[in-house]
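One structure is given here, and the rest of the page talks about it.
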Amino acid sequence: MNKSSIGARLAAAPYLVWSVLFVVAPLLMVVYYAFTDDSGNFTFLNFAQLGSYSDVFVRSIWFSLIATVVCLVLAYPVAYLIAMRHERTQRVLVMLIMLPMWMNFLLRTYSWMAILEDTGVINSILSKLGLSPVHMINTPGAVILGMVYNYLPYMILPIYSVLAKLERSMIEAAQDLGANRWQVFTRIILPHSMPGIASGLTMVFVPSVSTFYISQKLGGGKFDLIGDTIERQFQTSYNYHLGAAISFVLMVLILVCMAALNKFAADDEGGLLI
């Protein structure tokens, strides 16, 4: 074994220790508690109880899908406009996109509570304009809005990073060959941006489907999501085994979604090379 390989292993050692302590070990604990009872015996009873939480799973997936689609619709044109600017302008715009992320997640959610409340900013403006107030807080729309606001940058940045690397000469060549704007977008820009879209979908859907604080504050606790149920099992009911079983199913769901998105992105990228 040469010195360079020894040095590489030593350099990687802290990351391996970190991964074992904060990734592998927690996952093993989740698996252990999910498949055991209070006596430590192997059982599937924890998973048998998940049928009563089917509505929670459906609601969580539905809200997350809506939030992810909305983020994609909003993020793609923003990412495209940023990518088409000069480099200096791109850096400024990307900083502005990341700026809200520098603020604490809890503060961002609390700010939306002040905006959406019945006596909040929006309804105060409507009252001054002589319009009837609109009930927005503690609704499904408020929860989805919170997801979109908090996770929109995670959709913009990966799409932008891909579009920024797109060769302008390819667009110019397509235009020289007679392609109109729609053909340029559907045949050049959109296919090349698929890896960024897949990454963005994953980065938005995963935290959305597992969130719990947004639903508690903007939904008033009326719309239980998977994250709320897991938190309740660990913080209130102290049923670690059921909480671990729900976490295990959520983890499998996320892994399946990520695998499907990665396969989709890989297939599309492979198609570009043909």
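What follows draws every value from the coordinates through simple rules; no lab data is involved. Computed from a predicted structure; not experimentally measured. Here the Cβ positions follow ideal geometry from the backbone for every residue, glycine too, while neighbour counts run over all protein chains shown.
Remarks
- Residue ranges 252-259, 145-152, 216-223 sort as 145-152, 216-223, 252-259 when ordered by packing (mean number of other C-beta atoms within 10 Å per residue, highest first).
- In summary, the helical segments of the chain meeting the span-like criteria, namely a full DSSP H run, a Cα extent along the axis of 18 angstrom or more and a mean Kyte-Doolittle hydropathy of at least -0.5, are 3-19, 54-83, 140-163, 194-210, 240-272.
- Relative contact order of the stretch 144-274, defined on C-alpha pairs under 8 angstrom at six or more residues apart (%): 27
- Computed helical MRE - 222 nm, the chain, DSSP H runs ≥ 4 contributing -39500 (n - 2.57), nearest 500: -23000 deg cm²/dmol
- Two-decimal log10 I(q)/I(0) for the stretch 52-272, as the Debye equation yields it once each C-alpha is a single scatterer, q = 0.16 Å⁻¹: -1.12
- Our summary gives the chain a relative contact order of 26 percent, counting only alpha carbon pairs under 8 angstrom and 6 or more residues apart.
- Dipole of the chain [Lys/Arg +1, Asp/Glu -1 at C-beta], most positive-end residue of I137, L50, S169: S169
- Gap separating the Cα centres of the stretch 52-72 and the stretch 104-147, nearest whole Å: 21
- The stretch 62-218 - charge dipole about Cα centre, Lys and Arg +1 at Cβ, Asp and Glu -1, debye rounded to 20: 180
- Cut-off under 5 Å, modelled amide H: who pairs with T36 long-range: T43
- Global geometry of the stretch 1-158, whether rounded, prolate or oblate, following the gyration tensor of its Cα atoms and the 1.5 cut on a/c: oblate
- Linear extension gain, Y110 paired with E167, 0.36 nm per residue minus alpha-carbon span: 16.3 nm
- Farthest toward positive dipole pole in the chain [+1 Lys/Arg, -1 Asp/Glu at C-beta], among Y238, M155, I97: I97
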